[in-house]
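Chemist: Take a look at the following structure, please.
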């Protein structure tokens, strides 16, 4: 152990920052993540800042731009500290009320979250059910710090773990600590992090690399994006510690092209860290040199696979390669390379700082720590959540998600992205850990969860997932390329009412071949939604095939729209004016309307525009058409 002058200066600077920031009596934080930017959050921030200036409160009230607060559907989110008051759906014109309430120790009642059942207003963030049932370890700083301000990160003891690792621990001791914590990769496979690091450290080479995988491409998933946007210094600190542990002097942050804010914030963090002596040569006087560059992906989903990502960074086509030698032995530029996703890297500083025992105290026997999920779909509350490993799916859906809106029934959830499992109500008590999900044929993946209610068609949803994987497949191996093409054709036939009963056996044959012969994880795991949905929702498949019927009335080719000759108001012309197909709806003002089935394109506009007081348009799929819908034809 040794103490270098730069490390002493860092602690002096940290103490000065904390003292300076503690002088503010109030702090107002505004979520400025990607989701809230769609809700005019930057205008909200500007309006609050202007109001504070107009009242001469700059020395008493601090306003900060922060990362994602998590409850994305209710943006813009604004929090007032130290009371932890949370305001939802804030608009720029609310600024004066918020500042006045903050300085007068009041509350803006109209902006508080209201329980959907009791209608009770809940002022404190930690009392809101969406937050109450979480354990926000990695996400907690997102509500506190400005991601573009190094001082804010230092004020929450940022880079303390780096100083500890560089000045108080050997590289082997760092790897041992990560191994003792039993940290497993958060990118999907759950591979032991320390094992990967040790393999790279033991591999003989003059130079080595560490890479941040922020190519998160799963539909509906934005965990890595929100961490990178809201707390980029934590990711950078984890990368620095990992580089020191494996003996790498060069790091690469690979960011998905569609994440401009994440790219901007990590670039700012790199510049700030370098200026502060936390990146570059002889970091904190330890003799450790480390440099980082940012590489933006070109939008290919398959580049999230680490060998494809390495190829893309090298300027080659982003496609996987056979793993007869793993990247930890020969990766980027033929050198030992460690690839971990954003969440894994961001977890490292907390483990080094707090210790392996702290991390092991959270989670299950085989899956330690917390996990971040994007919880979306048919729920009262959707957004970004963080829970201990072992939390059940039921808790996610009903305690954090608030259950299914409009008193509808839960039907299924898709967990693990397009390569995850389609699980029904019988699996709601499954804990979210690597082994438990694997036992039911699913996977944690990067952490995307999409919830469906009784109005969803599982077969149609799986068809969309197969279509996504088919379009994103690199085409390098025949099982992946042709298997997904064939599966896509089968699902088109099923949803179109053209399949016979032999199709299920054919699907099972293709999925088996893909599992055993595909080159990379995309081909191997793309079949998971197919296999799990066949197991749990076989009756829905059989209805499509045997009865040419979609029970959920979703599959366009199996649906007909009809107008009730009893409910239709003959003076209403909403369906006529809304229908995009000339002649598909017959009638005029003063006459009840009807639909010509041979001209109808089944777009559903007539059902959408029919006034709710009439509700005259209905969908049918395979069942007899009631007399009321046939009268007068």
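Chemist: Need the failing condition index for residue 411 against (1) under 18 Å from residue 536 (Cα atoms); (2) buried (at least 23 other Cβ atoms within 10 Å of the Cβ); (3) modelled with pLDDT of 95 or more, just the number.
Modeler: (2)
Chemist: If you don't mind, there's one more thing I want to ask. Looking at (1) surrounded by fewer than 21 Cβ atoms within 10 Å (Cβ to Cβ); (2) in contact (Cβ under 8 Å) with a residue 40 or more places away in the chain, which is the one condition that is false for residue 459?
Modeler: For residue 459, the failing item is (1).
Chemist: Just to verify a result, which residue in the range 139-149, among those that are buried (at least 24 other Cβ atoms within 10 Å of the Cβ) and touching a helix residue (DSSP H, G or I) at 6+ places or on another chain (Cβ under 6 Å), is nearest to residue 110 (Cα to Cα)?
Modeler: Taking the range 139-149 as the starting set, the residues that turn out to be buried (at least 24 other Cβ atoms within 10 Å of the Cβ) are 139, 142, 145, 147.
Checking which are touching a helix residue (DSSP H, G or I) at 6+ places or on another chain (Cβ under 6 Å) leaves us with 142, 145, 147.
Values: 142: 24, 145: 26, 147: 29 Å.
Here the answer is 142.
Chemist: Here's another thing I want to ask about it. Taking residue 215 and the conditions (1) at pLDDT 95 or above; (2) touching a helix residue (DSSP H, G or I) at 6+ places or on another chain (Cβ under 6 Å); (3) under 30 Å from residue 148 (Cβ atoms), which numbered condition does it fall short on, given that it satisfies the others?
Modeler: (1)
Chemist: If I filter the range 519-528 for residues that are part of a helix (DSSP H, G or I), out of contact with any strand residue (DSSP E or B) (no Cβ under 8 Å at 6 or more places or on another chain) and modelled with pLDDT of 95 or more, do I get at least one hit?
Modeler: Of all residues in the range 519-528, those part of a helix (DSSP H, G or I) come to 521-525, 528.
Still in the list and also out of contact with any strand residue (DSSP E or B) (no Cβ under 8 Å at 6 or more places or on another chain): 521-525.
Restricting the remaining residues to those that are modelled with pLDDT of 95 or more gives none.
No - not one qualifying residue is present in the range 519-528.
Chemist: While we're on this one: Determine, yes or no, whether residue 363 is closer than 28 Å to residue 161 by Cβ and touching a helix residue (DSSP H, G or I) at 6+ places or on another chain (Cβ under 9 Å). Steps first, answer last, please.
Modeler: Numbers: closer than 28 Å to residue 161 by Cβ: yes; touching a helix residue (DSSP H, G or I) at 6+ places or on another chain (Cβ under 9 Å): no.
Here the answer is no, as residue 363 does not meet what is asked.
Chemist: Go through the range 419-435 residue by residue and tally those that are part of a helix (DSSP H, G or I) and more than 26 Å from residue 214 (Cα to Cα).
Modeler: Step one: filter the range 419-435 for residues part of a helix (DSSP H, G or I), giving 419, 425-427, 434-435.
With the extra rule that they be more than 26 Å from residue 214 (Cα to Cα), the set shrinks to 425-427.
Result for the range 419-435: 3.
Okay, residues lined up against (1) under 30 Å from residue 403 (Cα atoms); (2) touching a helix residue (DSSP H, G or I) at 6+ places or on another chain (Cβ under 6 Å); (3) surrounded by fewer than 24 Cβ atoms within 10 Å (Cβ to Cβ):
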{"residue": "288", "(1), (2), (3)": "no, yes, yes"}
{"residue": "301", "(1), (2), (3)": "no, yes, no"}
{"residue": "316", "(1), (2), (3)": "no, no, yes"}
{"residue": "320", "(1), (2), (3)": "no, yes, no"}
{"residue": "331", "(1), (2), (3)": "no, yes, no"}
{"residue": "342", "(1), (2), (3)": "yes, yes, no"}
{"residue": "346", "(1), (2), (3)": "no, yes, no"}
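Chemist: Which residue, of 70, 106, is surrounded by fewer than 24 Cβ atoms within 10 Å (Cβ to Cβ) and not in a strand (DSSP E or B)?
Modeler: Working: 70 fails: surrounded by fewer than 24 Cβ atoms within 10 Å (Cβ to Cβ).
Every option except 106 fails the conditions.
Chemist: Return the residue satisfying two criteria in turn: it lies in the range 583-633 and is surrounded by fewer than 12 Cβ atoms within 10 Å (Cβ to Cβ) and without any contact (Cβ under 8 Å) to a residue 12 or more places away in the chain, and of such residues it is farthest from residue 549 (Cα to Cα).
Modeler: It comes out as 613.
Chemist: While we're on this one: Run down 64, 20, 89 and say which single residue is closer than 26 Å to residue 150 by Cβ and modelled with pLDDT of 95 or more. Can you show your working first?
Modeler: On the way: 20 fails: modelled with pLDDT of 95 or more; 89 fails: closer than 26 Å to residue 150 by Cβ.
Matching residue, one of 64, 20, 89: 64.
Chemist: Kindly provide the set of residues from the range 80-97 that are surrounded by fewer than 21 Cβ atoms within 10 Å (Cβ to Cβ) and either in a strand (DSSP E or B) or within 22 Å of the chain's Cα centre (by Cα) (or both), ordered by number.
Modeler: 81, 88, 89
Chemist: So the check is Cβ under 8 Å with 6+ separation or different chains; which pairs have a first residue in the range 15-27 that's more than 18 Å from residue 79 (Cβ to Cβ) and a second one that's part of a helix (DSSP H, G or I)?
Modeler: Sorted first by the residue in the range 15-27, then by its partner, the pairs are 17/151; 17/154; 17/155; 18/155.
Chemist: Can you name every residue in the range 437-454 that is surrounded by 21 or more Cβ atoms within 10 Å (Cβ to Cβ) and assigned to a helix (DSSP H, G or I)?
Modeler: Within the range 437-454, just 437 meets the criteria.
Chemist: For the range 555-582, give me each residue that is in contact with a strand residue (DSSP E or B) (Cβ under 8 Å, 6 or more places away or on another chain), farther than 11 Å from residue 603 by Cα and surrounded by fewer than 18 Cβ atoms within 10 Å (Cβ to Cβ).
Modeler: At the first step, the residues of the range 555-582 found to be in contact with a strand residue (DSSP E or B) (Cβ under 8 Å, 6 or more places away or on another chain) are 559-565, 575-576, 579.
Checking which are farther than 11 Å from residue 603 by Cα leaves us with 562-565, 575-576.
Hit for the range 555-582 is 576, nothing else.
Chemist: Do we find that residue 62 is exposed (fewer than 15 other Cβ atoms within 10 Å of the Cβ) and not in a loop (DSSP other than H, G, I, E, B) in this structure? Talk me through it step by step, then tell me what you get.
Modeler: Details: exposed (fewer than 15 other Cβ atoms within 10 Å of the Cβ): no; not in a loop (DSSP other than H, G, I, E, B): yes.
The answer is no for residue 62.
Chemist: So is residue 360 out of contact with any strand residue (DSSP E or B) (no Cβ under 9 Å at 6 or more places or on another chain), surrounded by fewer than 21 Cβ atoms within 10 Å (Cβ to Cβ) and over 19 Å from residue 415 (Cβ atoms) or not?
Modeler: no
Chemist: Now, a different point. If you scan the range 456-507, which residues turn out to be within 15 Å of residue 534 (Cβ to Cβ) and in contact with a strand residue (DSSP E or B) (Cβ under 7 Å, 6 or more places away or on another chain)?
Modeler: Answer for the range 456-507, where residues must be within 15 Å of residue 534 (Cβ to Cβ) and in contact with a strand residue (DSSP E or B) (Cβ under 7 Å, 6 or more places away or on another chain): 458, 461, 462.
Residues checked against (1) under 39 Å from the mean Cα position of the chain (by Cα); (2) in a helix (DSSP H, G or I); (3) farther than 29 Å from residue 499 by Cβ:
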{"residue": "549", "(1), (2), (3)": "yes, no, no"}
{"residue": "552", "(1), (2), (3)": "yes, no, no"}
{"residue": "569", "(1), (2), (3)": "no, no, yes"}
{"residue": "576", "(1), (2), (3)": "no, yes, yes"}
{"residue": "588", "(1), (2), (3)": "no, no, yes"}
{"residue": "591", "(1), (2), (3)": "no, no, yes"}
{"residue": "607", "(1), (2), (3)": "yes, yes, no"}
{"residue": "612", "(1), (2), (3)": "yes, no, yes"}
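Chemist: May I pose another question? Take the conditions within 37 Å of the chain's Cα centre (by Cα), without any contact (Cβ under 8 Å) to a residue 40 or more places away in the chain and in a loop (DSSP other than H, G, I, E, B) and apply them to residue 580. Does it pass? Let's see the steps before the verdict.
Modeler: On the way: within 37 Å of the chain's Cα centre (by Cα): yes; without any contact (Cβ under 8 Å) to a residue 40 or more places away in the chain: yes; in a loop (DSSP other than H, G, I, E, B): yes.
Judged against the criteria, residue 580 is a match.
Chemist: Residues of the range 205-217 being crowded, with 24+ Cβ neighbours inside 10 Å and either assigned to a loop (DSSP other than H, G, I, E, B) or in the same structural domain as residue 465 (by TED's automatic domain parsing) (or both), which ones?
Modeler: To start, the set of residues in the range 205-217 that are crowded, with 24+ Cβ neighbours inside 10 Å comprises 209-216.
Of everything in the range 205-217, those that are crowded, with 24+ Cβ neighbours inside 10 Å and either assigned to a loop (DSSP other than H, G, I, E, B) or in the same structural domain as residue 465 (by TED's automatic domain parsing) (or both) turn out to be 215, 216.
The values are calculated or read from the model by the stated rules, or taken from the named source; none is laboratory data. Just so it is clear, the structure is predicted and the values come from calculations on it, not from any experiment. All Cβ positions, glycine included, derive from the backbone under ideal geometry; neighbour counts span all protein chains shown.
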